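**Student:** Before I ask anything, let me first share the structure, which is written out below as structure tokens.
The values are calculated or read from the model by the stated rules, or taken from the named source; none is laboratory data. Note that the structure is predicted; figures quoted are calculated from it, not measured. Cβ: placed from backbone, ideal geometry, glycine included. Neighbour counts: every protein chain shown.
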Amino acid sequence: MTSGENPVIEDFALIHDGNCILETGTWSVLKNTFSGDVQDLGEVTIVPGLINAHVHLELSHLKGRTVQRKGFTNWIKSLLSNPLYDLDSEAVSEAVQQMRDNGTAFCVDISTRNCAQVASIMDKLGMGFYACCEAIGTQQPKEGAKFFPQKEFTYGRAAGSGHSLYSTGSELLQAVKIANDAAGLPYPIHLAENAEEDEIVAQGTGEFAEMLKGAGLLADCGRKGLRPVEYADQLGLLDESTLAVHCVRVNEGDISTLAERKVNVCLCPRSNTYIGEGRAPWEMILKSGINTCLGTDSIASNHDLSMWNELEYLLENINISMSPAEALALVTGNSAKALKIDASYGSLEKGKRAVYATVPAHLEDLLF
């Protein structure tokens, strides 16, 4: 599949040099002038390399070690009972390789303490990436502070991200946003994820608020009577560079604001179900015209990191019809646009990275 009004091409072929796509078209035409090695994939549907717009790879050692469907506060308690940030490089490497084997070519990884190390692992394994150093806490940003490593990688870039409105001070959230904007990077932030966030932002109360307060991580965002999207908008965090992750707890007004600000939304359907946070209003979000993509979140809140499984879950449970192109865009073109990487990813076109995936056989009927 390519971009354009008629993205499905029968008898599709591409010529590449191992890194970059040199030419695309039909095999019946390209074979007349091509004399190199040929790989025949058979009767399959080839699509651009998939993009996982939200994952936490530093938690790759926690598969099966958190509670399911008991709500966010209980999930957090179970998460914190584990050694969160003792990086298991082998587990991260295995996770990245599995993602690549499942067709993922690019991911947005969020790390609280291991950004540079995870970035190096992804780079070594040829995974395209943004390695985002997550800003968390209530400390005031220092003048001239750097919010992500100033290091060169072959396949990706380091960036910053804000954890959330309730766990990251407003000035720190704004400072990271400014730094990412200056570097031409997207700005990921968990937004409107659960009822606990609603209560903290509106009133500053609740069991989870007390947990954060005890850990010194409760941001001064409460008692404002606002919804999370309203507060984020008030802080100036919402624009076309923002990647709002989850958006489970958004209403019509929130969606209208996100659409007006041209915010990109990353849905994580299976993770929300795993934790028991509810289900984002996928249909309203998609109908609003918001540029929407998918992510898996971490293996601590999902069963695997497969983007095919994420897409399949959404398609089996959504209440509107989607064309094959619209569905596949959630894990390819829309993601590339949201992440400002559409010059290299998101479609199979000349000049872009030579990364592609094939649609699993069991998804062919669901898509086509």
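**Student:** Take the conditions touching a residue at least 40 places away in the same chain (Cβ under 8 Å), surrounded by 15 or more Cβ atoms within 10 Å (Cβ to Cβ), out of contact with any strand residue (DSSP E or B) (no Cβ under 6 Å at 6 or more places or on another chain) and of a type in the set (G, A, S) and apply them to S111. Does it pass?
**Tutor:** Spelling it out, S111 is indeed touching a residue at least 40 places away in the same chain (Cβ under 8 Å), surrounded by 15 or more Cβ atoms within 10 Å (Cβ to Cβ), out of contact with any strand residue (DSSP E or B) (no Cβ under 6 Å at 6 or more places or on another chain) and of a type in the set (G, A, S).
**Student:** Hey, another quick one. When segment 341-368 is examined, which residues are found to be in contact (Cβ under 8 Å) with a residue 24 or more places away in the chain, surrounded by fewer than 20 Cβ atoms within 10 Å (Cβ to Cβ) and of a type in the set (D, E, K, R)?
**Tutor:** Correct list: E349, K350, E364.
**Student:** Would you kindly identify the helices (runs of 4 or more DSSP H) lying entirely within segment 250-302 that contain at least 2 residues that are surrounded by fewer than 18 Cβ atoms within 10 Å (Cβ to Cβ)?
**Tutor:** Answer list for segment 250-302: 252-260, 282-287.
**Student:** Let me ask something additional. Residue pairs, Cβ under 8 Å, 6 or more apart or interchain, first in segment 136-164 and under 16 Å from P186 (Cα atoms), second of a type in the set (D, E, K, R) and assigned to a loop (DSSP other than H, G, I, E, B). List them.
**Tutor:** Partner pairs satisfying both residue conditions: A158/K151; S164/E193.
**Student:** Please work out if T296 is under 27 Å from D181 (Cα atoms), touching a residue at least 60 places away in the same chain (Cβ under 8 Å) and not hydrophobic (A, V, I, L, M, F, W, C).
**Tutor:** yes
**Student:** Go through segment 83-116 and count every residue that is more than 19 Å from A53 (Cα to Cα), at pLDDT 95 or above and of a type in the set (A, V, I, L, M, F, W, C).
**Tutor:** Number satisfying all stated conditions: 2.
**Student:** Any residue at all in segment 241-249 that is touching a Cys at 6+ places or on another chain (Cβ under 8 Å), free of Cβ contacts under 8 Å to residues at least 40 places away in the same chain and crowded, with 22+ Cβ neighbours inside 10 Å?
**Tutor:** So far as segment 241-249 goes, no, none of its residues is touching a Cys at 6+ places or on another chain (Cβ under 8 Å), free of Cβ contacts under 8 Å to residues at least 40 places away in the same chain and crowded, with 22+ Cβ neighbours inside 10 Å.
**Student:** Identify, from the list F129, F208, the residue that is in contact with an Asp or Glu (Cβ under 7 Å, 6 or more places away or on another chain) and without any contact (Cβ under 8 Å) to a residue 40 or more places away in the chain.
**Tutor:** Just a single option satisfies the conditions, and that option is F129.
The rows are residues; the columns are (1) in contact with a Phe, Trp or Tyr (Cβ under 6 Å, 6 or more places away or on another chain); (2) closer than 27 Å to P360 by Cβ.
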| residue | (1), (2) |
| --- | --- |
| T73 | yes, no |
| V96 | no, yes |
| A159 | yes, no |
| S170 | no, no |
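**Student:** Right, here's the next one. Can you pull out the residues in segment 135-168 that are more than 25 Å from S344 (Cβ to Cβ) and in contact with a strand residue (DSSP E or B) (Cβ under 7 Å, 6 or more places away or on another chain)?
**Tutor:** Selection gives A135, I136, G137, G162, H163, S164, T168.
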